[in-house]
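The values are calculated or read from the model by the stated rules, or taken from the named source; none is laboratory data. Quantities reported herein were computed from a predicted structural model and do not represent experimental measurements. Here the Cβ is made from the backbone with ideal geometry for all residues, glycine too, and neighbour counts use every protein chain on show.
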Amino acid sequence: MSGRILIADDVATNRIVLKVKLTTACYDVTQAVSVSDVVDIAHSQQPDLILLGQTLQGGGGVEACRRLKAIPALAAIPVVIISPVADRADRLAALRVGADDFLTKPLDESTLLAMVRNLMRVHATRDEVTRRHVLAEEMGFGEAPASFQKQANIALVAPAVETGLMWRKALTQEMSQKVTVMTKAQALEDVSQTGAVPDVFIISANLSEQGDGLRLVSELRSRLSTRYAVIIFIDETKNSPSASMALDLGANAVMSGYFDAEEISVRLDRLIPGKFLSDQVRSTVDQRLNLAMTDPLTGLYNRRYAGSYLNRLEAQSTQSGRGFALMLLDLDKFKGINDRYGHFAGDEVLVDVSKRLRASIRDVDLLARFGGEEFLIAMPDTDHDAALIMAERLRRVVGETPVYSGAVSAQIPVTMSIGVAVAPTGGCEPGQTQALLQSADRALYASKAEGRNLVTFVQSAA
């Protein structure tokens, strides 16, 4: 399954319709009928997303959301409230108690599924940031959260300058942040050349040409400097395909119809602090752990960090009941590369392979240099089939293109053998991670014995 979703609605047909849509998309769905059920199931199952009916028994969707957000262990779970009527006051009330979004019936299936995918990604990223923050604290590299909230830099990218100025006037009346009007070209030029990176982009769907807004969202998400910015997409046409496309491209929210400064302010009151906290945690981990926990040659995490990470991953698997995959990857005949081309060329191979692996895995996966020419990849919430697809892709990424060595001006053929072990769905038992590592090592040895440049799972290595 792609993720776990809790549907809560007091009308059975509503739950059934949603369940059919989501199970068809391969999500694991649980149902509830009341506010108390929602809280109990959220505690026991830790879903990745909760969909709440507005008329839920025991106080409604807003009350359920309020109670969820008041419980620290549940507050990070994304929540969407679904209403039978389009009511702006209800939408604002839902957002103010912490709902991530608000949908109105009849539901557009493509928008619903795009929102689910988007929030799943956000939730996974938050989990990974939290995991690394806890690790930093355990290793003595933690940093207390800032005691003040800095001012955010908000960029408005409107169809025309005059429209942008009207947007800015309306938004500055709602919140005290720095608001700037930009063209599409300025948004890209400013962040890449001057270093003045906005924290938030509010982008119209149609700028100088139809579809320009979507292209800008894609550009911003693909660039390192703006990858973690908050993006709100203004779709002037209700229920257009742009809404689902914007969410899939990485917009944090899509607002249909018109520029609503009050709603944007309410959304940003939650999104901006979350963005700043993630930035702080990421900076703390990157800067302080880089020296003590990374390999100086490849820039990957080292074995010490990997061990602490696996302990944390095991604890979370035990609590959540979700499996994960471990891979050990080893360059084939690496000693022969060093002997034939020299150690400088061997270092170039290690660096190049590290870059290829890092570019091919998910943001939530861990990649570490585990030994001389051996690498470890830990993949949270990953089953056998997903691990197999990833392992085969990594094998091809390394083996299909030679590494160019500047030291000897030569193309060096490289292949990699991979051993994989998967923790079962249902939770990892304490101490099981070390056994999984040993199993992955046996699987790796089997790949070598069978001729190298192979992927072997622990089942076939036993």
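So which residues in region 62-74 are part of a helix (DSSP H, G or I), in contact with a helix residue (DSSP H, G or I) (Cβ under 7 Å, 6 or more places away or on another chain) and surrounded by 17 or more Cβ atoms within 10 Å (Cβ to Cβ), if there are any at all?
Correct list: V62, A64, C65, R67, L68.
Looking only at region 54-96, which residues are of a type in the set (A, V, I, L, M), out of contact with any Leu (no Cβ under 9 Å at 6 or more places or on another chain) and touching a residue at least 12 places away in the same chain (Cβ under 8 Å)?
L56, I71, A73, A76, V85, A86, L92, A93, L95
On the given criteria, is S417 of a type in the set (S, T, N, Q) and more than 22 Å from R312 (Cα to Cα)?
The answer is yes for S417.
Can you pull out every residue in region 366-400 that is in contact (Cβ under 8 Å) with a residue 12 or more places away in the chain and part of a loop (DSSP other than H, G, I, E, B)?
F370, G371, G372, E373, D381, T382, D383
Residue by residue through region 76-111, note down the ones that are under 20 Å from the mean Cα position of the chain (by Cα) and of a type in the set (D, E).
D100, D101
How many residues are surrounded by 15 or more Cβ atoms within 10 Å (Cβ to Cβ) and over 15 Å from V39 (Cβ atoms) if we restrict to region 77-95?
11
Of the residues L22, L51, which is in contact (Cβ under 8 Å) with a residue 40 or more places away in the chain, within 20 Å of R117 (Cβ to Cβ) and in a strand (DSSP E or B)?
L51
If we keep just the residues of region 267-311 that are acidic (D, E) and farther than 21 Å from G371 by Cα, which is modelled with the highest pLDDT?
So, considering only residues that are acidic (D, E) and farther than 21 Å from G371 by Cα, the one modelled with the highest pLDDT is D269.
For E314, are the conditions met, namely being modelled with pLDDT under 95 and of a type in the set (D, E)?
So E314 passes the test.
Could you list, in sequence order, all residues of region 76-128 that are touching a Pro at 6+ places or on another chain (Cβ under 6 Å) and of a type in the set (D, E, K, R)?
Residues satisfying the conditions are D100, K105.
Those residues that are part of a loop (DSSP other than H, G, I, E, B) and under 16 Å from G419 (Cβ atoms), I need them from region 338-365; list them, please.
Across region 338-365, there are no qualifying residues.
Under 7 Å between Cβ atoms, at least 6 apart or on separate chains: pull out the pairs that start in region 344-355 with a residue that is assigned by TED's automatic domain parsing to the domain that holds L331 and end on any residue that is surrounded by fewer than 21 Cβ atoms within 10 Å (Cβ to Cβ) and of a type in the set (S, T, Y).
Pairs that qualify, where the first residue is assigned by TED's automatic domain parsing to the domain that holds L331 and the partner is surrounded by fewer than 21 Cβ atoms within 10 Å (Cβ to Cβ) and of a type in the set (S, T, Y), are A345/S405; E348/S405.
Could you please let me know if G371 is surrounded by fewer than 23 Cβ atoms within 10 Å (Cβ to Cβ), under 29 Å from A345 (Cβ atoms), over 30 Å from the mean Cα position of the chain (by Cα) and assigned by TED's automatic domain parsing to the domain that holds S317?
no
Check off (1) among the small types (G, A, S); (2) buried (at least 16 other Cβ atoms within 10 Å of the Cβ); (3) more than 20 Å from L326 (Cβ to Cβ) for A387 and give me the number that stays unchecked.
Looking at each condition in turn, A387 falls short on (3).
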